[in-house]
Amino acid sequence: MELLISPSVLSCDFANIQRDVEMINNSTADWFHVDVMDGVFVPNISFGFPVIAAIKKHATKPLDVHLMIEDADKYIEEFKNAGADILTVHFEACRHLHRTIQAIKAAGMKAGVALNPHTPVDLLSDVIEDLDLVLIMSVNPGFGGQKFINNAVLKVEQAKNLIHRRGSRALVEVDGGVNLETGLELVKAGADVLVAGSFVFNSKDPAATIEALKSLK
Ligand code: DX5
Ligand code: ZN
């Protein structure tokens with residue numbers, strides 16, 4: 001399968017969101033990675049529905065929404081209405097994960113589950129067949145620009161094995177500290193989707209950086 005790139009708009013210029021959305025539209029990126037933080041599950045607050053809806057208005061590619069929030073169940077419909085195409089919740093923030101996954105799908109979105117760096121891949125074995133996406137966190141969630149945690153490479157292999165063993169069609173996405181070096185290791189381990197925030201937006205030519213990530217093999 002071709003490698004998918006999901007640039008994280010957390011690192012874009014919030015005073016120029018439309019410009020940065022157009023840059024992603026015109027690049028070889030595949031999705032928009034949209035990070036929602038509630039200041040409770042993670043020690044940071046990002047943005048909510050109005051900003052997602054504003055991105056959706058201009059985006060020509062799917063919105064890959066990564067929820068770092070407690071009580072995601074309360075807001076599933078609202079995320080759908082704001083424009084989410086893929087909705088990913090954190091394993092550590094969901095008491096009734098199976099129910100949450102079904103609710104996301106019933107609302108017409110693809111369902112993902114994210115794993116913090118300390119959470120073993122095996123804990124997904126009873127829901128893996130229901131998932132469209134497994135998101136391996138390669139940093140502790142909450143901030144862009146952190147250092148890549150190498151153990152994520154092993155977790156990508158473990159996730160791919162679990163997915164194959166169980167005949168799941170889930171894609172494996174990795175988020176945090178992705179650049180050309182860490183990206184290459186992840187691709188070799190079998191990653192299907194790479195998220196990149198600061199590496200893309202802090203570069204001189206973000207579209208060329210997206211293309212360089214897209215060409216990793
Ligand atoms: C971190 C977010 C990431 C963040 C990645 O909690 O989930 O999506 O934007 O940023 P970089 O690529 O800079 O590590
Ligand atoms: Zn993210």
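The values are calculated or read from the model by the stated rules, or taken from the named source; none is laboratory data. Everything numeric here is computed off the predicted structure, so don't read it as measured data. Virtual Cβ from ideal backbone geometry, glycine too; neighbours counted across all protein chains shown. Calculation scope for accessible area: heavy atoms of the full protein, side chains included, ligands and nucleic acids excluded. Shrake-Rupley method; radii C 1.70, N 1.55, O 1.52, S 1.80 Å.
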Query raised in the report: For region 57-66, does any single residue satisfy the condition of being in contact (Cβ under 8 Å) with a residue 60 or more places away in the chain and within 25 Å of Pro206 (Cβ to Cβ)?
Result: yes
Query raised in the report: Picking from Thr88, Thr119, which residue would you name as being part of a loop (DSSP other than H, G, I, E, B) and β-branched (Val, Ile, Thr)?
Result: Thr119
**Report entry** Odd one out for Phe91, checked against (1) farther than 22 Å from Pro120 by Cα; (2) out of contact with any Gly (no Cβ under 9 Å at 6 or more places or on another chain)
**Finding:** (1)
Query raised in the report: Just one of the numbered conditions (1) open to solvent by less than 60 Å² (accessible area, probe 1.4 Å); (2) more than 13 Å from ligand 2 (Cβ to nearest atom) is not true of Thr88; which one?
Result: (2)
Query raised in the report: All but one of (1) touching a Ser or Thr at 6+ places or on another chain (Cβ under 9 Å); (2) charged (D, E, K, R); (3) surrounded by fewer than 15 Cβ atoms within 10 Å (Cβ to Cβ) hold for Asp126; which doesn't?
Result: (1)
Report summary line: Counting only residues in region 121-135 that are hydrophobic (A, V, I, L, M, F, W, C) and more than 11 Å from ligand 1 (Cβ to nearest atom), the one farthest from Val174 (Cα to Cα) is identified as Val127
